[in-house]
Amino acid sequence: MDRRSRMDGRSRKDRRSRKDKQSQGKQARYVIADREQSPFAEAFRVLCASIRDAKPQGKVQTVLFTSANSGEGGAMVAVNSATLLAYAGYKVVLVDCDLRAPIVGDIFKLGNTGLTNLIRDEVSQEDILQDSRISNLKVVTCGPLPLESVTVLSNPKIRALFDYLRTQADYIFLTSSPILIKMDAVISDACVLASKVDGVVLVVDSRTVKPQNAKKVLELLLGAKANIIGTVLNDVMDY
């Protein structure tokens, strides 16, 4: 896989000021339309082709999208990658494993019966698969937020769910919380998930990422035995 997929290229004329951009939120919740021909959509087509071709140890079917810090766009990269593969005719399930600040259910305007309900034995695996209204794309939301996300993600029922989803779809894409928070403290959610998937895509923001933080995140993922199949450099500007 191309180690660095570039997203969101813009000219100087089109740039918003950093202050204005932050006021509107760094994750623009834009979902690519079917057959869209924008540079944005083309960048995601390249990323999806790279994921399809990433076979270092057999087929890469389950992919975790995570980021170093919050606001770097990891969830939206997962959403748009899943959407484009669904448009292309692949059966895809998108699972929101961000149990701290989930957004996938809001993006698709879905009810919030999901992972945590499954862990509590309130629903079955089949019950938490929701129709995204995009053909071939189903979504699993996080469910009501728990007190301890690592406990949920470490539960054997999560691995059993992934095994079930492998029989239902060509690709399963997962989102997670970012790995670092303020003061460089570590959130272990993504590292817990990394050992349960075939590959990990790391999303970093070109404007805000600190090299030492990116290096730290890579070391943490590799320490969790993650198969890092590539990185996405988000929010890139063309000069």
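Quick one: with all protein chains in place, what share of the accessible area of segment 105-217 is carbon or sulfur, to the nearest percent (1.4 Å probe)?
Answer for segment 105-217: carbon and sulfur cover 52 percent of the accessible area.
Segment 110-200: Rg/Rh from Cα coordinates, Kirkwood Rh?
Value, to two decimals: 0.96.
Using 28 Å as the Cα-Cα cut-off, could you pick out the over-long pairs in Lys157/Lys225; Lys138/Lys216; Lys59/Lys138; Lys109/Lys225; Lys59/Lys225?
Long pairs (Cα-Cα over 28 Å): Lys138/Lys216; Lys109/Lys225.
By the gyration tensor of its Cα atoms, with a ≥ b ≥ c the square roots of the eigenvalues, what is the shape of segment 66-125: rounded for a/c under 1.5, prolate for a/b over b/c, or oblate?
Here segment 66-125 falls in the oblate category.
Extent of segment 96-162 along each principal axis, from alpha carbon coordinates, in Å, largest to smallest?
Extents along the principal axes: 32, 23, 18 Å.
Over segment 37-83, consider all pairs of different Cα atoms and compute the Kirkwood hydrodynamic radius from their mean reciprocal separation; express it in Å, one decimal.
That comes to 11.8 Å for segment 37-83.
So if each residue of separation counts as 0.36 nm, and I subtract the Cα-Cα distance between Leu145 and Arg100, what length gain in nm does that give?
Length difference between fully extended and current span is 15.5 nm.
Ordering Glu36, Glu72, Glu126, Glu42 from largest to smallest accessible area (1.4 angstrom probe), what's the sequence?
If we order Glu36, Glu72, Glu126, Glu42 from most to least accessible, we get Glu126, Glu42, Glu36, Glu72.
Between Asn155 and Thr208, what is the label-to-label distance in nm when each label sits 7 Å out along the Cα-to-Cβ direction?
3.0
Determine which residues of segment 63-90 fall in the zone a paramagnetic label at Ser135 would reach in this model, i.e. backbone nitrogen under 16 Å from the point 7 Å along Cα→Cβ.
83-90
Keeping all protein chains in place, calculate the accessible area per residue for segment 118-215 (probe 1.4 angstrom), answer in Å².
Result: 46 Å² of accessible area for each residue.
Given 0.36 nm per residue, what is the gain on full extension from Lys91 to Arg29 after removing their alpha carbon distance, in nm?
Length gained between Lys91 and Arg29: 20.1 nm.
I'd like the antiparallel share, as a percent to the nearest 5, of DSSP beta bridges with both residues in segment 127-239.
35
For Ser132, what is the net charge nearby, where nearby means another residue's Cβ is under 10 Å from its Cβ and Lys, Arg count +1, Asp, Glu -1?
Result for the neighbourhood of Ser132: +2.
The values are calculated or read from the model by the stated rules, or taken from the named source; none is laboratory data. Quick caveat: nothing in here was measured; it's all calculated off a predicted structure. Methodologically, a virtual Cβ is constructed for each residue, glycine included, from the backbone with ideal geometry; neighbour enumeration extends over all protein chains shown. Surface accessibility is based on the protein's heavy atoms, side chains included, excluding ligands, DNA and RNA. Shrake-Rupley method; radii C 1.70, N 1.55, O 1.52, S 1.80 Å.
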